[in-house]
Amino acid sequence: MNEKDIMIDVNHMSHIYSDENGNDVHALNDVSLSIKRGEFVCIIGTNGSGKSTLAKHFNVLLQPSEGYINVCGYDTRDEEHIWDIRQHVGMVFQNPDNQIVAAVVEEDVAFGPENLGIPSAEIRKRVDAALEAVNMTEYREHGPHLLSGGQKQRIAIAGVLAMKPDCIVLDEPTAMLDPKGRREVLETVHKLNKEEGITIVYITHFMEEAVTADRVVVMKNGVKLHDGTPREIFSHVDTLKGLGLDVPVASEIAFKLNEKGYEIGKSIINNEELAVGLKHSKLADQLLDNHNVGAKTISSPTNEDVNAVRGEGTH
Amino acid sequence: MLNNITIGQYFPGNSFLHRMDPRAKIIATTIFVVAIFLANSPLAYGLVGAFTIFAMLLSRLPLRLMWSAIKPLWIIIVFTMGIHIFTTPGNSLFQWGVINITDQGLAMGLQMAARLIFLILFSSLLTYTTSPIRLTDGIEHLLNPFRCIGVPAHELAMMMTIALRFIPTLLDETDRIMKAQSARGADFVTGSIIQRAKNMVPLLVPLFISAFRRADELAIAMEARCYRGGVNRTRMKELQVTYVDYIGVGAVILITIVLIVLWWLDL
Amino acid sequence: MAIVLDNITYTYGVGTPFEKTALHGVSLTIENGEFLGIIGHTGSGKSTFVQHLNGLLHPTTGTVTVNGVDISASTEEAKKMRHKVGMVFQYPEHQLFEETIAEDIAFGPKNLGLSADEVDERVREAMKFVGLDYDTYAERSPFHLSGGQMRRVAIAGVVAMNPDFLVLDEPSAGLDPFGREEIFEEIIRLHKEKGITVILVSHNMEDISRMASRLVVLDKGRIVLDGEPMDIFNNHRDELQAVGVDVPPVSVTMEYLREQGLDVSNRVLSVDDAVQAILEGGSHVK
C-alpha cells in the first residue's frame, strides 16, 4: 500500500494518565491501527473502552504516552504541524451545544476558516457550500439554540467542512439525539464520505450505525479487540454481547437459530439475509408452506422503509 | 419560568438600523445615552422621546419587543423613581408619617424613570438590530487602538461572543434544574431572604458545574477548530462604513447638539 | 389510586405574542400499577405532558387529579399529592449538588419534613434499591462516579421520596448497552417489587415494547394512539410512521420475513420471542 493512501497510522500507541489516587491508568494500551483515505471506519465499545481517548489523538487534542501516531503523514508529536493536522482532520463532539461558538449559524460555520486566516470572500463561499452540503442553508441566520439536536450536529459538521478537511472524526455524535436526529447525522456523514471522498472515523455505541461502515473496530479497556468488516464483526454475536454491545436483530436471531442447530448461515447482518437464510434452511419447508396467504394481505413497509427504519445499508 | 427574557437578543432584518455598521451604532448609542442625561425640560424630553420612537420605527421591529425589553427591568425603574420621589426636598404635595412626597420629588422621579426607559429602549435597539458577532466585532475594532496600553480587545470580544451564545442555553438549563429540584420538594419562592438564598444552593451548584463542563468542552472544540487567539484571524464579514453610518451618527450628533443648546439655555 | 387528566390544554406564554398551545384537550387516566410508555417525536408535547403529572406545569384549562385531589390547588393536601409523583428528568445526574451521595439522596426526604432517622432510613433503602452499597458509597462525592452510577444516585434521590408514581424521561439517554440494562433492571424492580406505577418516556421502541403494559402515542399535543404495545406496533404501523415514530427493530424484522412469504407470527416483543415464533412458524395458523 502506498504511504499516501494512509490517512491515520497508529503505532503501538498507549495513553497513560494518573487518577486521583496517583495510580497509572492505561486509557489506551498498545493500540495499532491504520485508516486509509476514503474509508468509513466505525469504532465501537462501551463507555470507558478508550474509544474517545483514541479519537482525541487523531486531532492532537491528546498526545501518546508511548508509541506514535501519524496523521496525514505528520507525526503528532511534531509541534510544528499541529495546526496542519487540525486543519486536515476535523472533529465533531458528542454534545451539540458545547461545540457551537457563535450565536448565529453561519457565523459559527465561519469560525474555523476565520481561524485559518482565509480571505473573507473565500470564507463566504466555503460557508455557503458547507451549509448546502449538510442541507442547512435555510437556517443560516438562525440562533443555534432554536435548532434540534440533529440540526445542531449538522451545523457542527458544516463548521468542520468549511475547513476543507480530508478526514472527519466524529466522537459519539448521535449519543444525545433522538432517532430522527441520528438518521440525519448518519445520512449526512455517508453522503460526505461517498460524494466528497472524505475519510470518516465514526465513534458510536449504536450498532445499527456501525453496520453501515466499511470497517468496524471494537475497543475494550483501552485495547483494540477486533478489526474487520461489519459482517465479520457482527457474526460474533456472543463475543459482542459479552462486551456489553448490541448486535443487529437479524444477526442475533440467526445466531440463536444456529445455536439450536438450524444452520441459517454464519454471517447474517440484515433482514434480507435472514430471510434468504431461512428459505435455505431446514425450517424452510415448515415456514414456506401454503399458509402464507394471509401474510400477503398485510400492508408492510417496503425494503427501503425497512432499511430506513433500521438505519442499515444493504450489503 | 425564564423564557420571556429577550435582552441581548438579535432579530434579523434589513432596516436602516440593521444595515448600519456596528461601530457606528455603538458610537451613536453611547453619544445618545449621554445626551439623554442632558435633558431637563419637557421640550428636551419630548425631543429625546420623539427621536427614540423614530429610531424604533426605523428598526421595523414589532413594538412588543420594546415592551419586553422594559418588562424585566421595571423593578429597577420603579425603585429609582421611588427613591427620587421620596427623598427629594421641595413643596410637600402629600404627607403621611415620615412619607413626604414633594412636587420636586415627583418631577425628579418621573424624569429619572423616563431617562431609564429611553436608555433601555435605545440600547435594546442596538442589540436587537445587531447580530452578537457583529456587535462584538464592533467592540473589538473600537478597542483595538487601546491594545498598546494592554486592553485585550480580541479576548474581551471572544468572551462576549461566547457569553451571548450561551445565555439562552444556560437559561434553559436553569429552568430544567429548577424543575428537577422542585420535583424533589425544593422551594425557591417562599421564606425569608436568607432562607431563599440558602435554597438557591441546589440550583446554583449544578448550574456552575454544568457551566464549567460546557466551558471545558467548548475550549477543546475551539482548539480542534484551529482557534489560537486573535492573531492572523480573518472575518467572514469585514466591517464597512457606508453612507447609512454617516447619516445615523450624524443624526445623533445633531440631536445631541440641540440637547446641549437646550440645556445651556436652560429651556 | 390514579392520576386523572381531564381534558387538559396547555398554552405557553398566554397573552404574549409568543403564545403557543402545546397540548390540546388531552384526557388520560393512569391507573395504579400500570407501566405506561409514552412516545412521540421531539416537539410532540411529551415533555409538557409529563410536567403536568406532578404539577410542575398547571393546565391552562382542564384538571389534573392525583388520587382524587386536584394538584393545581395550593393546599397542603395538593402539595402532598404532587410529591407522590416522582420525576426523573433527562440526564438527571445534572441535578446532583451535595458533597456526599447520602446527602444528595436525602434532599428530597428532608424537604418532605421527615425526621433525621426516617430520612436516613429512606436513603439506605433507596441506595439499596439502585444497587449502591451504603457503606461504600454513602460518604463519597457523587461527582467522582461514572456516568451510569451518577444517574443511579439521581434516581435514588427521587425514589427516596417514596413516590407512588414515577415519571422517567429518557432514563437511558447517553448510556451504553450495559448501563442501559442496569437502569432498566432497576426500573423493573421498582415497578414489580415496590409496586410503583411507572410512566416511561422514551425514543427507544425496544425498551418500551419490552417493559410497558400500555402505550400512549402523542403527536402535535394530542393523544393519537392508546393501547397495548403489541397491538399498536403490529396494527397501527401506518399511524406510527405518519407521526414519525419508529417500530421496534424486532417487529420490523418479523414483518419483513412475513412479507417475504415466511409464515411467522409478528406478535413478538424480543429476540427470544422472535426465535420462538420462527421455530413455531407455519403451525400457528393450523
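Below are the figures for this structure:
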{"item": "Any hit, the stretch A:145-158, residues being out of contact with any strand residue (DSSP E or B) (no Cβ under 9 Å at 6 or more places or on another chain), free of Cβ contacts under 8 Å to residues at least 24 places away in the same chain, among the charged types (D, E, K, R) and within 23 Å of B:Pro132 (Cβ to Cβ)", "result": "no"}
{"item": "Output for the stretch C:239-272, where each listed residue is more than 15 Å from A:Pro248 (Cβ to Cβ), at the interface with another protein chain (Cβ under 10 Å from one of its Cβ atoms), crowded, with 18+ Cβ neighbours inside 10 Å and over 23 Å from the mean Cα position of the chain (by Cα)", "result": "C:Glu255, C:Arg258, C:Glu259, C:Gln260, C:Leu262, C:Asp263, C:Val264, C:Asn266"}
{"item": "The stretch C:273-285 - residue that is outside any helix (DSSP H, G or I) and more than 7 Å from chain A (Cβ to nearest Cβ) and, of those, modelled with the highest pLDDT", "result": "C:Glu280"}
{"item": "Conditions (1) surrounded by fewer than 19 Cβ atoms within 10 Å (Cβ to Cβ); (2) free of Cβ contacts under 8 Å to residues at least 40 places away in the same chain: number failed by A:Lys4", "result": "(2)"}
{"item": "Selection within the stretch C:75-115 - of a type in the set (Phe, Trp, Tyr), under 15 Å from B:Ala186 (Cβ atoms) and out of contact with any Lys or Arg (no Cβ under 7 Å at 6 or more places or on another chain)", "result": "C:Phe97"}
{"item": "Exclusive hit being farther than 23 Å from C:Leu175 by Cα and either within 11 Å of chain B (Cβ to nearest Cβ) or in contact with a Leu (Cβ under 9 Å, 6 or more places away or on another chain) (or both), set A:Ala55, A:Ala110", "result": "A:Ala110"}
{"item": "Selection within the stretch A:181-192 - of a type outside the set (D, E, K, R) and surrounded by fewer than 20 Cβ atoms within 10 Å (Cβ to Cβ)", "result": "A:His190"}
{"item": "Filtered residues of the stretch A:250-267 (kept if surrounded by fewer than 16 Cβ atoms within 10 Å (Cβ to Cβ) and assigned to a helix (DSSP H, G or I))", "result": "A:Glu259"}
{"item": "Condition check for A:Ser14: outside the structural domain of A:Asn221 (by TED's automatic domain parsing), among the small types (Gly, Ala, Ser) and either touching a residue at least 24 places away in the same chain (Cβ under 8 Å) or surrounded by fewer than 19 Cβ atoms within 10 Å (Cβ to Cβ) (or both)", "result": "yes"}
{"item": "Residues of the stretch C:1-41 classified as more than 14 Å from chain B (Cβ to nearest Cβ) and charged (D, E, K, R), total", "result": "3"}
{"item": "Qualifying position, being within 27 Å of C:Gly13 (Cα to Cα) and in a helix (DSSP H, G or I), among B:Ile26, B:Ile85, B:Ile31, B:Ile53", "result": "B:Ile53"}
{"item": "Filter result for the condition that a residue is modelled with pLDDT under 85, more than 7 Å from every other protein chain (Cβ to nearest Cβ) and touching a Phe, Trp or Tyr at 6+ places or on another chain (Cβ under 9 Å), over A:Lys296, A:Lys282", "result": "A:Lys282"}
{"item": "Number of positions in the stretch C:138-176 that are surrounded by fewer than 19 Cβ atoms within 10 Å (Cβ to Cβ) and not hydrophobic (A, V, I, L, M, F, W, C)", "result": "7"}
{"item": "Given (1) touching an Asp or Glu at 6+ places or on another chain (Cβ under 9 Å); (2) outside any strand (DSSP E or B); (3) away from chain A (no Cβ under 12 Å), index of the condition C:Met230 fails", "result": "(1)"}
{"item": "Qualifying helices (runs of 4 or more DSSP H) (wholly inside the stretch C:38-120; at least 2 residues being of a type in the set (Asp, Glu))", "result": "C:76-83, C:101-111"}
{"item": "Residue check for C:Gly179: within 14 Å of chain A (Cβ to nearest Cβ) and more than 12 Å from the chain's Cα centre (by Cα)", "result": "yes"}
{"item": "Residues of the stretch C:171-198 satisfying the condition of being in contact (Cβ under 8 Å) with a residue 40 or more places away in the chain and assigned to a helix (DSSP H, G or I)", "result": "C:Glu182, C:Glu186, C:Arg189, C:Leu190, C:His191"}
{"item": "Flag for A:Ser120 being surrounded by fewer than 24 Cβ atoms within 10 Å (Cβ to Cβ) and more than 10 Å from chain B (Cβ to nearest Cβ)", "result": "no"}
{"item": "Residues located in the stretch B:215-244, provided they are assigned to a loop (DSSP other than H, G, I, E, B), closer than 26 Å to A:Asn95 by Cα and without any contact (Cβ under 8 Å) to a residue 40 or more places away in the chain", "result": "B:Arg225, B:Cys226, B:Tyr227, B:Arg228, B:Met236"}
{"item": "Those residues of the stretch A:212-249 which are assigned to a loop (DSSP other than H, G, I, E, B), within 14 Å of chain C (Cβ to nearest Cβ) and at pLDDT 90 or above, in sequence order", "result": "A:Asn221"}
{"item": "Search result, residues across the stretch B:177-231 that are of a type in the set (Lys, Arg) and buried (at least 18 other Cβ atoms within 10 Å of the Cβ)", "result": "B:Lys179, B:Arg184, B:Arg214, B:Arg225"}
{"item": "Residues within the stretch B:12-43 that are crowded, with 21+ Cβ neighbours inside 10 Å and over 20 Å from the mean Cα position of the chain (by Cα), tallied", "result": "1"}
{"item": "The stretch B:170-189, residues that are within 9 Å of chain C (Cβ to nearest Cβ) and assigned to a loop (DSSP other than H, G, I, E, B)", "result": "B:Arg184, B:Gly185, B:Ala186, B:Asp187"}
{"item": "Filtered residues of the stretch A:151-180 (kept if within 14 Å of chain C (Cβ to nearest Cβ), assigned to a helix (DSSP H, G or I) and crowded, with 24+ Cβ neighbours inside 10 Å)", "result": "A:Lys152, A:Gln153"}
{"item": "Answer residue from the stretch B:89-109, given it is modelled with pLDDT of 80 or more and buried (at least 17 other Cβ atoms within 10 Å of the Cβ) and is farthest from B:Ala39 (Cα to Cα) among those", "result": "B:Ile101"}
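The values are calculated or read from the model by the stated rules, or taken from the named source; none is laboratory data. Computed from a prediction, not measured in an experiment: that's the story for all the values here. Neighbour counts run over all protein chains shown; Cβ positions are idealised from the backbone, glycine included.
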